[in-house]
Amino acid sequence: MIIAHHKSVYKDRSCNGLLDLKEYYGEENTFRDHVSGFSSWSIDAIGILRELNFPGVSADSLLSEEDALEAYRYVIEHCRRKPKGWSKWKGLLMGVDHLASATEEFKERIPTLFSIPDVGFYNRQHPLYPLSQVLSEANKKHTFVKAPTGAGKTDFLLKRCQGRIFYTLPFQASINAMYERIRRDLNGVVEDVRLLHSMSRLVIEGEKAWEEKVIQDKIGASIKVLTPHQLASVSLGTKGYETLLFDLCGCDIILDEIHTYSDIMQSIILTMIEVLVHIGCRIHVGTATMPSELEQKILDILGRDQTQQVELLSSVLDSFNRHIVHKVTDFYSVLPVLREAIENDQKILIVCNRVRNAQILFEKIDELYPEVDKMLIHSRFKRKDRNRLEKELQDIYNKVLQACIVVSTQVVEVSLDISFDMMITETAPIDALIQRFGRINRKRKPKEERTLKHIYVIAPPDKKEDCLPYSQEILQRSYDALPQDSLLEESSLQRLIDQVYPQVNVIDLSLDAAFADGKWRLKELFHLPKSAFIEKLDIDSVSCITQEDADTGKYREATAEERVLMEIPMRYSSLRWKNLETFPYGSHPFVIPDIAYSSDRGLDITRMGTENYDTNYQIL
């Protein structure tokens, strides 16, 4: 176990696995390297074993180099003979080692480290939320529930859980909101609720914030709220997968909104479900929409006889009808309707597929309606500005009673709990459109208070390159599938999804997966280098900082958490030809001219050229 602690015993990325060393340097050289100084350190090692009352070790115990050579050869043969599978002992060793390294003040939490949460709170019932009226079938291990936003899906998924819970969601903002919701719902009942994503250290606050940040990614916890990316290693057998499997064994895994992921991530998730079922997990899938073919693939893995499948009746779905859809040729054809909505004090959400489109449209809106409160939100803001804008969107614009306009990109599709009165949107894939529509007339109301709200969908561009990041074919199919000047019926959404996606593009992971056809492909104590599929998920992601933050030393002198807040996430493909300088600190971000960034518009990619650098600029 100790030999395999941080390294795979074979084909380790650093080529320092035990079997790698023997293969490259031979038995004699490898042994000599390990046994260097043996006469002195072996005495200390025996002393430690004696203090631990290790069997067979006494005050008179001694070891010779011959004994060490015999032990070395035993270990080599032991590693060679390992069967295919994963090592629970290695998972445990690495997990507790990392836990012990985190903090010495953690001892009082150990007794409750693996405690099962009491989720009885989620058995609450309310006539407005039909899923709250559905009884949980205790004899069914898994769950597949398909229902619109506002049907009580979250409560239903949580009340189905019997053990420790891993709740996965696709976006950081929605993960943060779920973490806060669960902590609020179960306050005083469940103590160890953890948040886990790449920026989660920036979210955790309170008296015990330091302790929570230190342990958030360690084994244990009654409930963890995270992204499936944090679980991907169990599918691909990459470093640390045994510890993750040890933590997951026998737990309840909620996979919410999994249809929103890319083809690569959906394929990884399907393999991940196979692994989780194999190690005894209970899987609970929740979705508002999903292609039928993907649904069938998931049910094939779970087993239909072991899965409680829940869908609402058409008569119930009709009560969720909220939108009248209008298909229009361009944005300008909607201007009269937009003016009328402003005069009627409506909250208007405009969604674009590209950041640049959103910025151009926002400038136009500002010219046309200077007197109306408005904001622009997209992914190319400094993280501190993005956090501020999201908070303003939810706490101010979402609650105002007078007219306002928010121009956005895909960042509003799932991640933010807002409810506006009217939408103008560029055509997106049908599943993304349905998510966007969910930001309009969102709140569930009694029948006598329900109203219909209007959504205007702009036709797809004529050129393929103008349709990016989406496929022109998918955009056109989605646009054609929508009704014209009529009600979008919730009961018709599955038909629309299947019309646009008659087939699901599942990527073959057979060459990368650590588990296939119900069997492990790796030997115990082995793990694989970072998977090519994992790299594809984030290989194009880079960060930028402004010239001011670099030149004044703000970024260089900041803490790791402060640096993250200064960074602007970008795709490398968007700036690869800009010849920007990189800053030799932190994440080695690219440095953009100050003129290319503003706190209310974000990063303007057209002004990122080096010709706009301040002439006094110099990397510190």
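Within region 538-555, track down each residue that is within 19 Å of Y613 (Cα to Cα) and touching a residue at least 12 places away in the same chain (Cβ under 8 Å). Spell out how you get there, then give the answer.
Keep residues of region 538-555 that are within 19 Å of Y613 (Cα to Cα), which gives 543-555.
Across region 538-555, the qualifying residues are S543, C544, I545, T546, Q547, E548, D549, A550, D551, G553, K554, Y555.
Considering only residues of region 534-573 that are touching a strand residue (DSSP E or B) at 6+ places or on another chain (Cβ under 9 Å) and among the hydroxyl-bearing types (S, T, Y), which is modelled with the lowest pLDDT?
For region 534-573, the residue satisfying everything is S541.
Please state which of the following conditions N321 fails to meet, knowing it meets all the rest: (1) in contact with a Lys or Arg (Cβ under 9 Å, 6 or more places away or on another chain); (2) buried (at least 18 other Cβ atoms within 10 Å of the Cβ); (3) closer than 30 Å to I377 by Cβ.
Unmet for N321, out of (1) in contact with a Lys or Arg (Cβ under 9 Å, 6 or more places away or on another chain); (2) buried (at least 18 other Cβ atoms within 10 Å of the Cβ); (3) closer than 30 Å to I377 by Cβ: (2).
Any residue at all in region 116-130 that's among the β-branched types (V, I, T), part of a helix (DSSP H, G or I) and outside the structural domain of K447 (by TED's automatic domain parsing)?
Of region 116-130, the ones among the β-branched types (V, I, T) are 116, 119.
Checking which are part of a helix (DSSP H, G or I) leaves us with none.
Looking for residues that are among the β-branched types (V, I, T), part of a helix (DSSP H, G or I) and outside the structural domain of K447 (by TED's automatic domain parsing), one finds none in region 116-130, hence no.
Could you tell me how many of the residues in region 380-410 are in contact (Cβ under 8 Å) with a residue 60 or more places away in the chain and under 19 Å from R571 (Cβ atoms)?
The number of residues fulfilling the criteria is 5.
List the number of the failed condition for N579; all other conditions in (1) farther than 30 Å from V407 by Cβ; (2) under 26 Å from the mean Cα position of the chain (by Cα) hold.
So N579 meets the others, but not (2).
Can you name the residue in region 15-71 that is acidic (D, E) and over 30 Å from H527 (Cα atoms) and is also surrounded by the fewest Cβ atoms within 10 Å (Cβ to Cβ) among such residues?
If we take residues in region 15-71 being acidic (D, E) and over 30 Å from H527 (Cα atoms), then D60 is surrounded by the fewest Cβ atoms within 10 Å (Cβ to Cβ).
Going by the conditions given, is Q230 of a type in the set (S, T, N, Q), within 22 Å of the chain's Cα centre (by Cα) and either closer than 30 Å to Q296 by Cβ or modelled with pLDDT of 95 or more (or both)? First the steps, then the outcome.
On the way: of a type in the set (S, T, N, Q): yes; within 22 Å of the chain's Cα centre (by Cα): yes; either closer than 30 Å to Q296 by Cβ or modelled with pLDDT of 95 or more (or both): yes.
Yes.
Determine whether K11 is free of Cβ contacts under 8 Å to residues at least 40 places away in the same chain, assigned to a loop (DSSP other than H, G, I, E, B) and under 15 Å from K523 (Cα atoms).
On the way: free of Cβ contacts under 8 Å to residues at least 40 places away in the same chain: no; assigned to a loop (DSSP other than H, G, I, E, B): yes; under 15 Å from K523 (Cα atoms): yes.
In short, no.
Residue check: is S315 polar (S, T, N, Q) and either without any contact (Cβ under 8 Å) to a residue 24 or more places away in the chain or not in a helix (DSSP H, G or I) (or both)?
Yes, satisfied.
Kindly indicate whether any position in region 448-466 is free of Cβ contacts under 8 Å to residues at least 40 places away in the same chain, touching a Phe, Trp or Tyr at 6+ places or on another chain (Cβ under 8 Å) and over 15 Å from H323 (Cα atoms).
Among the residues of region 448-466, at least one is free of Cβ contacts under 8 Å to residues at least 40 places away in the same chain, touching a Phe, Trp or Tyr at 6+ places or on another chain (Cβ under 8 Å) and over 15 Å from H323 (Cα atoms), which makes the answer yes.
Given the conditions (1) in a helix (DSSP H, G or I); (2) more than 19 Å from E426 (Cβ to Cβ); (3) touching a residue at least 40 places away in the same chain (Cβ under 8 Å), and given that V334 satisfies all but one, which numbered condition is not satisfied?
Among (1) in a helix (DSSP H, G or I); (2) more than 19 Å from E426 (Cβ to Cβ); (3) touching a residue at least 40 places away in the same chain (Cβ under 8 Å), the lone unmet condition for V334 is (2).
Would you be able to tell me the number of residues in region 48-79 that are of a type in the set (A, V, I, L, M) and in a loop (DSSP other than H, G, I, E, B)? Quick ask: steps written out before the conclusion?
From region 48-79, those of a type in the set (A, V, I, L, M) are 48-49, 52, 57, 59, 62-63, 68-69, 71, 75-76; that's our starting set.
Those left that are additionally in a loop (DSSP other than H, G, I, E, B): 52, 57, 59, 62-63.
Count: 5.
Of the residues E242, E293, only one is acidic (D, E) and surrounded by fewer than 21 Cβ atoms within 10 Å (Cβ to Cβ); which?
E293
Step by step: first the residues of region 131-140, then only those that are in contact with a Phe, Trp or Tyr (Cβ under 8 Å, 6 or more places away or on another chain) and part of a helix (DSSP H, G or I), then the one that is surrounded by the fewest Cβ atoms within 10 Å (Cβ to Cβ). Which residue is that?
By that ranking, first place goes to S132.
The values are calculated or read from the model by the stated rules, or taken from the named source; none is laboratory data. The structure presented is a predicted model; accordingly, all values stated were derived computationally and were not measured. As a convention, Cβ positions derive from the backbone with ideal geometry for all residues, glycine included, and neighbour counts pool all protein chains shown.
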